[in-house]
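Below is one structure, written out as structure tokens; comments come after it.
The values are calculated or read from the model by the stated rules, or taken from the named source; none is laboratory data. Everything quoted here is computed from the prediction, not taken from an experiment. Heads up, the Cβs are rebuilt from the backbone with ideal geometry, glycines too, and the neighbour counts pull from every protein chain shown.
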Amino acid sequence: MTSPIAPDAPVVAPMQSRRRPGVFGRLLKRPLAVIGLVIIAVTVLGAIFASWLTAYDPNEQLFDGLTLEGAPLPPSAAFWLGTDLLGRDLLTRILYGARTSLIIGVVANGAALLIGTLVGITAGYFRGWIGGTLMRFTDLMMAFPALLLAICLAAVFQPSLWIVAMVIALVNWVQTARVVFTETSSLAEREFIDAERTIGAGTPRILFRHILPHLLPTIIVWGTLGISTTVLLEATLSYLGIGVQPPTASWGNIIFENQTYFQAAPWLFFFPGAAILALALAFNLVGDALRDILDPTQRGRA
């Protein structure tokens, strides 16, 4: 019997399906997202290893940290970012201030996401008087400027790191609640949700097994973008004197403590200001990239 395949015929290897890269792999293909990830990584590592990266204590008034006239020292080989008006190493203060910003950013933003998701998913799924009441309260909160509301709340309580985190969470949850409400309302009318109700699935199963997984991309994007808002709000409150209090290092109170030397020692404002701007911008860059990657309408281009 003649073989159906000619002996000289080339053997064609089966085509292997190309595996689509994951979210992180697609992030690495975006130059701006990579810049944001690098800035975030450097900030996180600097905050974690601050005590190893610098030989000074953040509150230590150094003997050689001031000029003979009592003025702060400019950047030099001994003090890479200079010293402040109390003779403390500015690089050390900024590294420890990064801890403050990241702790408040994670805690406050996590709490805001939790509150906003619970309010939005409850209002979007149940609707009726429950949803109406929750969303009218959300609209009322959105009517107040976030910064003004945060200032009012911070002024009522004794300022501390955890109080500042709580205050920021209480003013930042409303945007998440509005977005989650809109998506939940749309999902609740889909056919697969009606099918779950038909077979007798309970509300917890529908919410946590079917609706919440569809909301995760939105929650992740809002969580990333929200950290930049949190960083800016914490720095503003600390600068105004109602946020994190000295001697705890915060980028906002570093600028506040040294504002009398604005013209004579501009590095006291440039370096902490650049740190605030860089970290906020980094989270925005990563959040924008995640939004494009996780958006179903953009997946073909991501």
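Scanning segment 165-201 for residues that are in contact (Cβ under 8 Å) with a residue 12 or more places away in the chain, hydrophobic (A, V, I, L, M, F, W, C) and farther than 30 Å from Q245 by Cα yields A177, V179, V180, F181, L187, A188, F192, I193.
Would you be able to tell me the number of residues in segment 115-148 that are at positive phi and either in contact with a Ser or Thr (Cβ under 6 Å, 6 or more places away or on another chain) or loosely packed, with under 13 Cβ neighbours inside 10 Å (or both)?
Step one: of segment 115-148, the residues at positive phi are 127-128.
Remaining after also requiring either in contact with a Ser or Thr (Cβ under 6 Å, 6 or more places away or on another chain) or loosely packed, with under 13 Cβ neighbours inside 10 Å (or both): 128.
Number satisfying all stated conditions: 1.
Please determine whether any residue of segment 69-90 is touching a residue at least 12 places away in the same chain (Cβ under 8 Å) and either of a type in the set (V, I, T) or in a helix (DSSP H, G or I) (or both). There is at least one residue in segment 69-90 that is touching a residue at least 12 places away in the same chain (Cβ under 8 Å) and either of a type in the set (V, I, T) or in a helix (DSSP H, G or I) (or both).
Close contacts from segment 202-226, counting a first residue that is touching a residue at least 24 places away in the same chain (Cβ under 8 Å) and assigned to a helix (DSSP H, G or I) and a second that is surrounded by fewer than 18 Cβ atoms within 10 Å (Cβ to Cβ) and among the small types (G, A, S), with Cβ to Cβ under 9 Å and a gap of 6+ residues or different chains, come to G223/G110. When V23, V34 are checked against the criterion of being of a type outside the set (G, A, S) and at pLDDT 90 or above, V34 stands alone in meeting it. Consider segment 20-60 and keep the residues that are in a loop (DSSP other than H, G, I, E, B) and of a type in the set (A, V, I, L, M). The one that is nearest to T83 (Cα to Cα) is A55. Residue count for segment 135-162 under the criterion of being free of Cβ contacts under 8 Å to residues at least 24 places away in the same chain, closer than 30 Å to T203 by Cβ and hydrophobic (A, V, I, L, M, F, W, C): the result is 2.
Once segment 20-48 is narrowed to residues that are free of Cβ contacts under 8 Å to residues at least 12 places away in the same chain and not hydrophobic (A, V, I, L, M, F, W, C), the residue that is farthest from I227 (Cα to Cα) is R20.
Inspect all residues belonging to segment 27-42 and state whether any of them is of a type in the set (K, R), within 20 Å of F270 (Cα to Cα) and in contact with a helix residue (DSSP H, G or I) (Cβ under 6 Å, 6 or more places away or on another chain). The answer is no, given that none of the residues of segment 27-42 is of a type in the set (K, R), within 20 Å of F270 (Cα to Cα) and in contact with a helix residue (DSSP H, G or I) (Cβ under 6 Å, 6 or more places away or on another chain).
Screening segment 252-302 for residues that are surrounded by 17 or more Cβ atoms within 10 Å (Cβ to Cβ) and in a loop (DSSP other than H, G, I, E, B) and picking the one that is modelled with the lowest pLDDT gives A302.
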